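The values are calculated or read from the model by the stated rules, or taken from the named source; none is laboratory data. Everything quoted here is computed from the prediction, not taken from an experiment. In this analysis, Cβ positions are derived from the backbone assuming ideal geometry, glycine residues included, and neighbour counts consider all displayed protein chains. Just so you know, the surface numbers come from the protein's heavy atoms only, side chains and all, with ligands and any DNA or RNA stripped out. Shrake-Rupley method; radii C 1.70, N 1.55, O 1.52, S 1.80 Å.
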Amino acid sequence: MPYFISYSIQPFSFFIGLFTGLVLAFLISKARPLWDEARTNLREQREASQARRSTGIEENHRRITLRRAQGMHLAAPLFALDEILQQPLVLAPPSIISPGEAYTSEDTISQTLPYLPMWTEMASIYNAQTLTLPQAISKQSNLILIGQLGIGKTVALAHLASLAANRSELLGEQKDLVPFLLHVAELKIPINDPKSVLNPIVDAVSEFAPIMDLGRFPGFTQIIFQTGRAMLLVDGMDELPPAGQQLVSDYFKILIQAYPKTKIITTGTPDYVDGLISLGFTPLGLMTWKSADKDQFIQRWGELWNQTVALEAWAQTGPKQVDPILLNTWLATDNIHLNPFELTLKVWGAYAGDTLGPQVTESIATHIRRISPSNIPIAALEALAMQVILTTQPIFDSYKGSEWVKSFEPAEEKPANADAETIISKDGSEEKTPAKKKNEKKSAVPSFGLIGKLIASGLLSSHEGNRIRFAHPIFGGYLAGRALSSYGADDTILNQPDWAGKHLALNYMAMYGDASSIVQKMLEWSRLPMHRPLLVAARWLRDAPRNTPWRGKLMATLASILQMNALPLALRAQVISAFIASNDQSVATLFRQLLISNSPELVQLGALGCGAVYDSKSISALSNVLDTPNISSRRAACMALVAIGTNEALEVVAHALLNGDEDLRRAAAEALANDRQEGHAMLNDGSSMQDIMVRRSVVFGLARIPEAWATEILVKMQTEDDQWIVRNVATEVVASQSVPNSRIPRKLKPPSESPWLIEFAGKQGVGISPGAPATDLLLLALKGDDPDLRLAALPYLKFTPTEGVINGIYNAMYRDDPELREYAYNILWEIGISGAKLPDPVQFGLG
């Protein structure tokens, strides 16, 4: 018989239990944030504990990084970097336009001089707006420092690493960043596992770490990157061919995905930075030195030389030292077109008394002779450099290097291959490498033969894994160019992808041989919108013989592009820059002819050219330009007259300040700010003149002078001037100096978070999905009539360079809107250097 147990439910007990459960559930739900907070606090305490334990290793790392950075410059055997440093500056890029947001107002120089990060010579001459490196990194944007080889990119990275290592107050909020300074040759990439993304950095930096820190260094590095305190400074990216650059870019992509707060600064050339633009990197043109910077460098070198080097025994027993005043006077001449690398070698040769001559190539040859072992023939160096270029391997294996120069190797010093192992290289060929004993650590510096001697001398640099490179790519390019000028490898070089080694070798080939066929092919390949091959060849004009057969044709092609009024001003200004850099006596005549053109833009470019070559014969013609109606031409004429700097030229500008219309007076005042002597004195005097319009204009000139005395006058004028029109302008100018600089590069907000784009999408009746590029919507804004929306759309479109996007940007560039045209050209330049192929505008019915 079944046995059942019956239960009766007591209502009171049921409701008590239910109430208790609800209360407990409520308390648990309320306590969950407290538990989460407690877990977070525990994690933070654990990380803080780890950070405290890593304090010692961090200090060691900072000290070692500082020591390395102070030796990363050409004159490191003589002086520490900070002793001889000229502060690196970058050309301030245009403001990123975001409708509804305030941005930095433009002065006369930025309104007149096109933005040319690829040719910063004119920006240096005309004192265009610049940023210090601490300013440039202040808004969380990853950067590419671009410029020609020898302009000082390595020094810029070393300077930034030194500031970070010292926790310099100049870095502001970034002062606690931990610098990781390395060369691409030290990165073991690609990596097989994204989880090991930090391993290449750890391995590279560990080479310099104390033995006691090696075990803790991986954990320390991981903490720094996890907490967003890492500043990764990677040198040598500009030396790589495109395939090598893409490897580094792919590595950066994985690193950014794993550690998005990492700040990365690397180097690039103005012609290619494959893969970086799409990752959100901002290219910034490194400024060339001004004349005052060069004079200061020469003066400082002389002081340091006499305090240190001149007291050494070898200097005391050598030739009698020339009077430093006479030596500096001689050195200060004919330096206009020298970059920092070239000027350093020129000054070094003069003070050491071993220079082979005054030419750039003679300074390079002097230094190679100075540091190379005496028993190694120059032909061996040329053979090595030529193979580096022909094989597109700026970073090569030491054993391969030994193979390239084995015919110059003394028999007794040839590396033994008796115990060599046969391996299969990437191209399928067999190679011999010396067998290693078990557990033997690979040596970074071969101790045998010619390659070992070159490493010991400093002409070659070695890295872990038997990786070798020329200490500076210009040494390799110079040696390769000499060899290739008689080797007959024109087609081999031309068919290579664009990279720094190729361009360097071609430059020196054009000096030592007939480059007519090479130039002809580059002119045939050159096309809109960039004309890159033409402008690359134009850089050879400075050093090429004046009677070379291809010179006239190249200059004629440049002149024809200059006169195409439909082209962007930035492209034609590059042609002006090429003419200036050529140091050809005929360009001054060309610039004067442009001053009487019917095209206001040609007059503007001609005026900028006249000032940049300091052509005193153009003063009368520039004075006539001040009477023309076009304000851009008149601004350029004022800038040119101040650059020429003679009494006659400055008197013309002073007359414009005293008697011109409102626009001309302001242009004259702002131009005078570029002259530290007479110009500044005129502005100082003008601040107290009776003429209201003069005082008002002077305010704009003083605003361009970042010195205490100018600020004091502005503050006084805003409170004490008896005319409200002057006080108001002074007040606006003083207030603007405390507004954040909108020209500092920053990361773009995602399209789905951009207020102006969201508003525009709402008016179109569409939405923006998170993570979507919103390309169609951006193209619609670019085609619209709102000028601010057109400018705001362009920076986003460079991340999706499809044929439709490029077509849209081309159409924007050819619209009748000068500001949009220049902005569009700059975006196309960024797309082009990122590796995307830019078709000829003719393909779209333009140009």
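Between the labelled values (1) 1.27; (2) 0.98; (3) 1.03, the entry that holds Rg/Rh (Cα atoms, Kirkwood Rh) as derived from this structure is (3).
What do you get for Rg/Rh over the range 691-847 if you use C-alpha atoms and the Kirkwood form of Rh?
1.14
What residue among Gln718, Ile336, Ile758 has its Cα farthest toward the positive end of the dipole of the chain, where the charges are +1 on Lys, Arg and -1 on Asp, Glu, each on the Cβ? Of the options given, the answer is Ile758. Relative to its Kirkwood radius, the Cα radius of gyration of the range 203-256 gives an Rg/Rh of 1.04. Evaluated with a Cβ-only charge set (Lys, Arg +1; Asp, Glu -1), the range 562-650 carries a dipole of roughly 100 debye about its Cα centre, given to the nearest 20. For the chain, the dipole from Cβ point charges (+1 on Lys and Arg, -1 on Asp and Glu) about the Cα centre works out to 2000 debye, to the nearest 20.
For a label point 7 Å from the Cα of Lys195 along Cα→C-beta, name the residues of the range 236-262 whose backbone N is under 19 Å from it. Only 254-260 pass the distance filter.
Each residue, Asn728 and His655, gets one label point 7 Å from its Cα in the Cβ direction; the gap between the two is 3.2 nm.
Per residue, the Cα convex hull of the range 683-740 amounts to 67 Å³.
Farthest toward the positive end of the dipole of the chain, out of His183, Gly660, Val205, is the Cα of Val205, where the dipole comes from beta carbon charges about the Cα centre. Note on the range 589-717: Cα-Cα pairs beyond 21 Å make up 35% of the total pair count. Test of understanding: given the chain, find the longest segment containing no GluC sites (Glu not before Pro) that are in a DSSP loop and have at most 13 other Cβ atoms within 10 Å. Longest gap between qualifying sites, sites excluded: 441-706. Quick check on my link table: of Lys153/Lys747; Lys263/Lys798; Lys553/Lys798, which ones sit more than 31 Å apart, alpha carbon to alpha carbon? Table pairs above 31 Å Cα-Cα are Lys553/Lys798.
Between the alpha-carbon centres of the range 626-690 and the range 247-283 there is a gap of 43 Å.
Put a plus charge on the Cβ of each Lys and Arg, a minus charge on the Cβ of each Asp and Glu, and nothing anywhere else: the dipole of the range 531-601 about its Cα centre is then about 160 debye.
Figure the gain on full extension for Ser105 and Glu720 (residue separation times 0.36 nm, minus the Cα-Cα span) and round it to one decimal in nm.
Working it through step by step, the gained length comes to 218.9 nm.
A convex hull fitted around the alpha carbon atoms of the range 661-700 yields 50 Å³ per residue. Normalised per residue, the accessible area of the chain is 46 Å², obtained with a 1.4 Å probe and no contribution from ligands, DNA or RNA.
Taking the accessible area of the chain, probe 1.4 Å, and keeping the other protein chains in place, the carbon and sulfur fraction comes to 54%.
In the frame of its principal axes, the range 470-628 has Cα extents of 56, 30, 30 Å, reported largest first.
If you sort Ser688, Ser372 by accessible surface, 1.4 Å probe, largest first, the order is Ser688, Ser372.
Taking the DSSP bridge list for the chain and keeping only pairs wholly inside it, about 45 percent are antiparallel. Between the listed residues Leu794, Ile833, Ile768, the Cα displaced farthest toward the positive end of the dipole of the range 762-847, a dipole computed from Cβ unit charges relative to the Cα centre, is found at Ile768.
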